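Novice: I have a structure here, written as structure tokens, and I will follow up with some questions on it.
What follows is calculated from the coordinates using simple rules that are stated; it is not laboratory data. All values reported here derive from a predicted model rather than from experimental measurement. Methodologically, a virtual Cβ is constructed for each residue, glycine included, from the backbone with ideal geometry; neighbour enumeration extends over all protein chains shown.
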Amino acid sequence: MAAPSVSTSPHSAIRSTLPAGVRWPDISFRWLALLAAVTILVLIALVGWELYQGSRLAIGHFGPRFLVNSTWNPVTDEYGAWPFIFGTLVSSLIALVIAVPLGVATALYLTELAPVRLRQPVVMIVEMLAAVPSVIFGLWGIFVLIPWLRDHLFVWLKETLGFLPLFRGTIYGVSMLAAGIIVAIMILPIITSVSREILRSVPNLQREAAYALGATHWEVMRIAVLSYARRGLFGAAVLGLGRALGETMAVTMVIGNRPDISASLFAPGYTLASVIANEFTEATTDLYLSSLFELGLVLVAVTIVVNVVAQLMLRSLAGSGTGKVR
Amino acid sequence: MADLSQAKPVVTRPVASAPPMAPRTPAAIAKEPMEVAFDISGFSLWYGANQALFDVGIQIPARAVTAIIGPSGCGKSTFLRALNRMHELTPGTRIAGRLRLFGEDLYAAAVDPAVVRRRVGMVFQKSNPFPTMSIAENVLVGLRLNGVNDRALLRQRLEESLRMAALWDEVKDILGRPGSSLSGGQQQRLCIARALAVQPEVLLMDEPCSALDPLATAKIEELINDLRASFTVIIVTHNMQQAARVSNRTAFFYLGRLVEYDETSTIFMNPSNPQTEAYVAGRFG
């Protein structure tokens, strides 16, 4: 409520200059925000620098061969990152292949099909999945998922798809595929909730355009909703991939922790994050420790490269059609 | 051809609050022989508990342009959307009464709304081309939904529809560009071409020029004039000059009721209802 003005001038209520006391929150907020932004940059730089410092010994000793060497042998003090890069990429890829269709389908159901009363409860349950600690997923993986996979799903896969090299070989239970499935469950909430936001942002006018052409529900989703949202959905998948690449605890518990490279998804594997978590406390030699540091550096680099590649793919997705009647 | 003398209104729900003035049926409409596209009687519509349309009865002629005018919130857009069952996308709507297109009950239990919309196309207030599709794909998407894959036919329809929408000369060399790269007026004509490509019997237009500049508006009006020969066009408009320019008949809606429906010249020159007269004279609305 404005106080009655002392002056009789009609313009007196509007200040021509702002007193310093009014301007300082503006100025201090500006500096605080800048400080926060700079802090993040400094933290990233520090992490990168520390990782580099820690891994200098290994970098000097092995050179670029570290990235392609498949031997990881603390006894002979020879270290290579390739099995871990392979394990990280493959387990994340499996997770994406499972989680993206599932997450997008759930989001479609929640935005386009589900009765309004059902939407909020399902959203809450999906988001609760994100609140379950990683180690719990790992325990559940060891005691519930893996026995079931070993005795049922894997056996079935081997019988029906055994002609593919992916589904051959001995079934141990702990495996690349088990890790992929666990990670898929863990990245499902983020993919679902981001996809849901993306689908909700599709203008209703787009849906109506399709309905007005006599499209059915499914056709509306295909021509109006999914095609409009495809860039955003791709972004949701990239976010999920980012999570999958760095996931540590649950993966360590179910992947088998063997630095092997096998075409079979039933074979155990190892990821960059898992080996760091597992072996950091037992790294007895300087070179061993330094190699683990370098694996950390590689993990950061892999994550960045994957994200950059995804950004480039996202850009090419915007390209137009040919106009030819096919 | 519907027989008007047998068109008894079937009111499934008595409307106690019916307007005191029933829409008149002037001699002019009764005597001249016309083919009726929409034969509607006792039509009411509710959004939840709110009634938006009250006991509307109207016969809309085929191969002519019918304008629907009235102040905001009078139910004219709701009425238009009920003609191809687009209102059903809003949950909680309910209708009563009879609505027939060329003698067929569009609300019969066996009729799929998707099929209704293939027969009754629609153009919206804001142009809404599919942004990820090229100009050509935008025009042909409805045909593809209908399973048309014959290339020669698709190419022929593409040119035909764009020519009908008076857009062909402007886009014939850039058919591969995204539909969203066109100007606002061109996008709206692209949407008209998209609606025409499936060869609907009726074209509904919901204030198609309200977001366009006068030049683009003139082009669309010219195009509506040309469509008259082969299509039934029903246009909702806020612009009374536009209604006067493009339509054969005009219906005036007020507070969810059809107040007056007549030849456009009669509505604008010699309306029989004082509310219509006040509205077209610009005294309210």
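Novice: Given 0.36 nm per residue, what is the gain on full extension from A:D77 to A:L113 after removing their alpha carbon distance, in nm?
Specialist: 7.2 nm
Novice: What size of dipole, in debye to the nearest 20, comes out for the protein assembly as shown about its Cα centre when the only charges are +1 on Lys and Arg C-beta atoms and -1 on Asp and Glu C-beta atoms? Show your work: numbers first, answer last.
Specialist: Details: 51 positive and 44 negative charges, 188 e Å.
It works out to roughly 900 debye.
Novice: Given the options A:A81, A:A273, A:A37, state which has the largest fluctuation in a GNM of chain A using a 10 Å cut-off (strictly under) for Cα springs.
Specialist: A:A37
Novice: Are there any helices in chain A, counted as whole DSSP H runs, that stretch 20 Å or more along their axis by Cα and score at least 1.6 on average by Kyte-Doolittle, and if so which?
Specialist: Working: long enough: A:20-62 (61 Å, 1.04); A:82-108 (38 Å, 2.01); A:116-131 (24 Å, 1.17); A:176-200 (34 Å, 1.75); A:227-246 (30 Å, 0.59); A:286-317 (46 Å, 1.66).
In chain A, the long hydrophobic H runs are A:82-108, A:176-200, A:286-317.
Novice: Which one of B:V280, A:F167, B:G256 has its Cα pushed farthest toward the positive end of the charge dipole of the protein assembly as shown, where Lys and Arg give +1 and Asp and Glu give -1 at the Cβ?
Specialist: It is B:V280, whose Cα lies furthest towards the positive end.
Novice: Could you work out the local net charge near A:F62, counting Lys and Arg as +1, Asp and Glu as -1, over the other residues with Cβ closer than 15 Å to its Cβ?
Specialist: After counting each charged neighbour, the total is -2.
Novice: To continue, here is another question. What do you get when you divide the Cα radius of gyration of the protein assembly as shown by 2.2 N^0.38 Å, with N the number of residues? Don't jump to the answer; show the numbers that get you there.
Specialist: Details: Rg = 33.4 Å, N = 611, 2.2 N^0.38 = 25.2 Å.
Taking the Cα Rg and dividing by 2.2 N^0.38 Å, one obtains 1.33.
Novice: Could you list the chymotrypsin sites (Phe, Trp or Tyr not before Pro) in the range A:142-200 that lie in coil according to DSSP, counting only those with at most 14 other Cβ atoms within 10 Å of their Cβ?
Specialist: Filter output for the range A:142-200: A:F163.
Novice: While we're looking at this one, here's another question. Given a Förster radius of 22 Å and the C-beta distance between A:A105 and A:M313 as r, what FRET efficiency does 1/(1 + (r/R0)^6) yield to the nearest 0.05?
Specialist: E between A:A105 and A:M313, to the nearest 0.05, is 0.50.
Novice: Tell me which of A:L265, A:P25, A:V309 sits at the most positive position along the dipole axis of the protein assembly as shown, charges placed on C-beta atoms (Lys, Arg +1; Asp, Glu -1).
Specialist: Most positive-ward Cα: A:P25.
Novice: Only loop residues by DSSP count here, and only those with at most 12 other Cβ atoms within 10 Å; note down the trypsin sites (Lys or Arg not before Pro) in the range B:202-285 that meet that. Provide the component values of the computation, followed by the final result.
Specialist: Numbers: sites: B:K219, B:R228, B:R245, B:R249, B:R257, B:R283; in loops: B:R228, B:R283.
Here the sparse-neighbourhood loop sites are B:R283.
Novice: Which shape class, rounded, prolate or oblate, goes with the range B:164-285 when its Cα gyration tensor gives a ≥ b ≥ c as root eigenvalues, a/c under 1.5 marks rounded, and past that a/b bigger than b/c marks prolate?
Specialist: In terms of gyration-tensor shape, prolate.
Novice: Please identify the trypsin sites (Lys or Arg not before Pro) of the range B:122-180 that satisfy two criteria: DSSP loop assignment and at most 11 other Cβ atoms within 10 Å. Which are they?
Specialist: none
Novice: Could you tally the net charge around A:V300, taking each other residue with its Cβ under 12 Å from the Cβ of A:V300, Lys/Arg +1 and Asp/Glu -1?
Specialist: Neighbour charge sum, excluding A:V300 itself: -2.
Novice: Enter the mean number of other protein chain beta carbons within 10 Å of the beta carbon of each residue in A:213-220, as an integer.
Specialist: Details: counts 16, 16, 6, 5, 1, 0, 4, 3.
Across the residues of A:213-220, the mean count of other-chain Cβ atoms within 10 Å is 6.
Novice: Here's something else I'd like to know. Length gain on complete extension for the stretch B:R177 to B:N225, per 0.36 nm per residue less the alpha carbon to alpha carbon distance? Spell out each step's value before the answer.
Specialist: Details: separation 48, 0.36 × 48 = 17.28 nm, distance 2.84 nm.
Difference between extended and current length: 14.4 nm.
Novice: Using a Gaussian network model of chain A whose springs link C-alpha atoms within less than 10 Å, name the residue from A:D26, A:D77, A:D286 with the highest mean-square fluctuation.
Specialist: Checking each option, the largest mean-square fluctuation is seen for A:D26.
Novice: May I ask you to list the aspartates and glutamates whose Cα is less than 15 Å away from that of B:K76, ignoring any residue fewer than eight positions away on the same chain?
Specialist: B:D55, B:D206, B:E207, B:E260
Novice: Would you tell me the mean number of C-beta atoms belonging to other protein chains that fall within 10 Å of each C-beta in A:203-209, as a whole number? Walk me through the numbers before you get to the answer.
Specialist: On the way: counts 3, 2, 5, 4, 2, 7, 13.
Per residue, the number of nearby Cβ atoms from other chains is 5 on average.
Novice: Taking +1 at the Cβ of each Lys and Arg and -1 at the Cβ of each Asp and Glu, which of A:L118, A:V300, B:A110 sits farthest along the dipole of the protein assembly as shown towards its positive end, judged by Cα position relative to the Cα centre?
Specialist: Result: B:A110.
Novice: Continuing with this model, one more query. Please report, in cubic angstrom per residue, the volume enclosed by the convex hull of the alpha-carbon atoms of the range A:61-319.
Specialist: So the per-residue Cα hull volume is 156 Å³.
Novice: About its Cα centre, how strong a charge dipole does the range A:61-319 have in debye, to the nearest 20, once Lys and Arg get +1 and Asp and Glu get -1 at the Cβ? Present the calculation step by step, with values, prior to reporting the outcome.
Specialist: Numbers: 15 positive and 15 negative charges, 197 e Å.
Charge dipole, the range A:61-319, about its Cα centre: 940 debye, nearest 20.
Novice: For peptide B:137-145, what's the mean number of Cβ atoms from other chains within 10 Å of each residue's Cβ? Before the final figure, lay out each step's value.
Specialist: Numbers: counts 7, 2, 1, 2, 7, 7, 1, 3, 9.
Counting other chains' Cβ atoms within 10 Å and averaging over B:137-145 gives 4.
Novice: Moving on to the next point. What ranking of B:D206, B:D173 emerges when the number of other C-beta atoms within 10 Å of each C-beta is taken as an exposure proxy, fewest first?
Specialist: Details: B:D206 22, B:D173 9.
Ranking B:D206, B:D173 by Cβ neighbours within 10 Å, fewest first, gives B:D173, B:D206.
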